[in-house]
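The values are calculated or read from the model by the stated rules, or taken from the named source; none is laboratory data. Given the structure is predicted, the values throughout are model-derived calculations rather than measurements. Here the Cβ is made from the backbone with ideal geometry for all residues, glycine too, and neighbour counts use every protein chain on show. Note: areas computed on protein heavy atoms with side chains; ligands, DNA, RNA excluded. Shrake-Rupley method; radii C 1.70, N 1.55, O 1.52, S 1.80 Å.
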Amino acid sequence: MRMRGGVGLLAPSYVVGEIEGDVDTLSNKVAVLNEFAMPDVKELWGWDTYRKSDRSAAALACDSVRATLDKAGLQPTQVDALVLCCNGGFNYHAQNRYLGELTTTLGLGYTFVSWVGGAGCASLFSAAKLANALVESGTSRTVLVVTVDKIERDVERFQRYGVLSDGSCSFVVMRSDAADYSIRAVKVMSCPSSLQNGGANFQEKCQLIYSVFDELKREGLAELAKTTAFFGSNIFIPIQEIELSVMPVDGLLAYQGNTARYGHCYAADPIINLVDFYSQPENADVGTSMLASTAHGHFGLIMLQKR
């Protein structure tokens with residue numbers, strides 16, 4: 001079986017909005033429930049609270065990165081590449097100002113910087129794929145991956161698929177025997193027709209997921225799918241269950257404890273769930289895990305081996 005060149009994932013961290021709100025207080029909740037014929041049953045859907053922040057998106061990202069660098073024992077100047085995931089509707093100049101604020105505040109200095117957006121919840125996996133390739137090829141030694149999303153208007157928080165929260169996650173990708181996890185596989189694929197129709201065709205979504213797992217098989221990595229822990233998006237529970245049932249993997253232990261507690265923090269969810277799962281002593285011996293998310297026409301996954 002092909003190894004992944006000793007690339008590791010270090011010091012995953014996250015922050016969520018400091019203000020907790022009750023989902024029942026969101027003004028558009030009833031309208032969305034009525035529009036999509038969703039019963040108002042928290043026990044069924046998994047919703048409860050959401051998190052919002054008075055801090056800027058850049059401040060959220062900086063808090064997460066500081067925690068990551070501290071856990072990894074790295075100085076900001078040791079980072080030679082930054083990959084940022086953000087789905088905010090920024091133009092070129094706004095992106096540059098945002099990146100300038102982030103890199104200056106963190107003291108990163110001169111680095112390779114890349115902005116990943118447009119893939120929604122799957123942006124994390126696009127960023128991880130880029131980071132993994134940079135390290136595997138020897139182009140970069142220490143790649144910092146950051147996701148951050150912040151909702152500006154509370155009326156946009158309640159959606160058909162989840163209750164949106166403000167949050168950020170971060171981790172380091174580098175060649176290191178001291179990594180918390182070995183990266184065994186990173187896969188991201190997109191379906192052209194689904195990109196055009198917003199992912200509305202369920203059969204297309206299924207085929208996209210199958211295609212990613214077929215690629216694992218072709219590369220001799222199919223046995224990695226015999227994983228025990230699964231970390232996905234904190235979207236409404238019925239949608240989580242449907243998407244999980246499509247994946248050709250048996251015996252998955254899906255961590256769903258954060259759906260009611262945090263809501264859906266866009267791309268950050270799988271890392272948030274990974275961190276919280278392994279913070280519980282009873283999970284210390286769980287060695288293999290899968291992180292995965294679907295978005296409108298995109299599907300990504302990461303296979304990890306805990307050291």
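Things to note:
- Of the candidates ASP48, ASP22, ASP40, the single residue that is under 22 Å from the mean Cα position of the chain (by Cα), open to solvent by 30 Å² or more (accessible area, probe 1.4 Å) and either touching a residue at least 40 places away in the same chain (Cβ under 8 Å) or over 20 Å from ARG66 (Cα atoms) (or both) is ASP48.
- Among the residues of segment 25-37, those identified as open to solvent by 20 Å² or more (accessible area, probe 1.4 Å) and part of a helix (DSSP H, G or I) are THR25, VAL30, ALA31, ASN34, GLU35.
- Residues that are among the hydrophobic types (A, V, I, L, M, F, W, C) and open to solvent by 40 Å² or more (accessible area, probe 1.4 Å), drawn from segment 231-247: ILE239, ILE242
- The residues of segment 273-287 that are among the polar types (S, T, N, Q) and over 21 Å from SER126 (Cα atoms), listed by number, are SER279, GLN280, ASN283.
- Candidate set: segment 171-223, residues that are part of a strand (DSSP E or B) and among the aromatic types (Phe, Trp, Tyr); chosen: the one surrounded by the fewest Cβ atoms within 10 Å (Cβ to Cβ): TYR181
- Selected residue (criterion: nearest to ARG55 (Cα to Cα)) from residues of segment 105-129 that are out of contact with any Pro (no Cβ under 9 Å at 6 or more places or on another chain), surrounded by fewer than 22 Cβ atoms within 10 Å (Cβ to Cβ) and in contact (Cβ under 8 Å) with a residue 40 or more places away in the chain: THR105
- Residue match in segment 112-121 (condition: β-branched (Val, Ile, Thr) and in a strand (DSSP E or B)): yes
- Residue within segment 54-76 that is under 19 Å from the mean Cα position of the chain (by Cα), open to solvent by 50 Å² or more (accessible area, probe 1.4 Å) and touching a residue at least 12 places away in the same chain (Cβ under 8 Å) present: yes
- Residue list for segment 288-305, filter: in contact with a Lys or Arg (Cβ under 9 Å, 6 or more places away or on another chain) and open to solvent by 10 Å² or more (accessible area, probe 1.4 Å): THR288, THR294, GLN305
- Candidates ALA122, ALA131: the one that is at pLDDT below 95 and touching a strand residue (DSSP E or B) at 6+ places or on another chain (Cβ under 9 Å) is ALA122.
- Cross-chain or 6+ apart pairs with Cβ under 8 Å, segment 143-154 first and farther than 9 Å from SER170 by Cβ, then basic (Lys, Arg) and surrounded by fewer than 23 Cβ atoms within 10 Å (Cβ to Cβ): ILE151/LYS52; ASP154/LYS52
- Subset of segment 53-79 (residues that are part of a helix (DSSP H, G or I), out of contact with any Gly (no Cβ under 9 Å at 6 or more places or on another chain) and not charged (D, E, K, R)): ALA58, ALA59, ALA61, CYS62, VAL65, ALA67, THR68, LEU69, ALA72, GLN78
- The residue that is nearest to the chain's Cα centre (by Cα), among those in segment 78-114 that are among the small types (Gly, Ala, Ser) and farther than 12 Å from ALA131 by Cβ, is GLY88.
- Candidate set from segment 138-167 (those that are out of contact with any Cys (no Cβ under 8 Å at 6 or more places or on another chain) and within 22 Å of ALA72 (Cα to Cα)); member that is surrounded by the fewest Cβ atoms within 10 Å (Cβ to Cβ): GLY138
- Counting only helices (runs of 4 or more DSSP H) that sit wholly inside segment 235-280, those with at least 2 residues that are closer than 23 Å to CYS206 by Cα are 237-246, 269-278.
- Given (1) farther than 22 Å from THR68 by Cβ; (2) modelled with pLDDT of 90 or more; (3) in contact with a Phe, Trp or Tyr (Cβ under 8 Å, 6 or more places away or on another chain); (4) open to solvent by 20 Å² or more (accessible area, probe 1.4 Å), number of the condition GLN256 does not satisfy: (3)
- Within the set ASP285, ASP269, ASP276, ASP250, the sole residue that is of a type outside the set (Phe, Trp, Tyr), open to solvent by 10 Å² or more (accessible area, probe 1.4 Å) and at pLDDT 95 or above turns out to be ASP276.
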